[in-house]
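Chemist: Please read through the structure below; I'll follow up with questions.
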Amino acid sequence: MEEKTAEISLADLPQYEKAPNKIIPSQQLFSVEYPGYVKNMDKILQTLGGRKGLKKAVNEDLMELRFRPGDPFCHPINGDVIPTSNLLLKVSWKRKKIKKRVSKRLVEEEDNNQSDDRNIKDLDFQVIGIISKTCRFRGKLKIYLL
């Protein structure tokens, strides 16, 4: 049997635009996958044990979540801290500003019309840091009303 080999030249390949180079900061971050809706960050930090609880989780790889922090009969939910290698990105769309003349002065307003013809070139992203550890709460939860 004869083997057929296909030769592909670089001219036959589609031409793509190069992706922009971004500098990845060396800042190490810690993330928490919280098992609920976050409305008030202060209450969320209290349920996780405050700053002391977060420092303990980073050092000891275990985090406790108490939905009622002041109640000694509230059972904690244990979260596992696992090593990860994720990036935290800040993604934003560039908005067009419209200049208007209002009583002898020039005012700039953002165009809030959300059109579907957004282009990928209007997208801006910034790398904030590397998420080296993530806390996940995968155990069974009792339903609490905060």
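Computed from the coordinates by the stated procedures, all read-outs in this text should not be read as laboratory data. As the structure is a prediction and not an experimental result, all values here were calculated from the model. When we count neighbours, we look across all protein chains shown, and the Cβ atoms used for this are built from the backbone with ideal geometry, even at glycine.
Chemist: So how far apart, in nm, are the two label points at Lys43 and Leu89 if each is 7 Å from Cα heading toward Cβ?
Modeler: 3.2 nm
Chemist: Now for a separate question. Given R₀ = 35 Å, what would the calculated FRET efficiency be for Gln126 paired with Glu64, taking r from the Cβ atoms and rounding to 0.05? Each step should come with its number before you reach the end.
Modeler: Working: r = 33 Å, r/R0 = 0.95.
With a Förster radius of 35 Å, E is 0.60.
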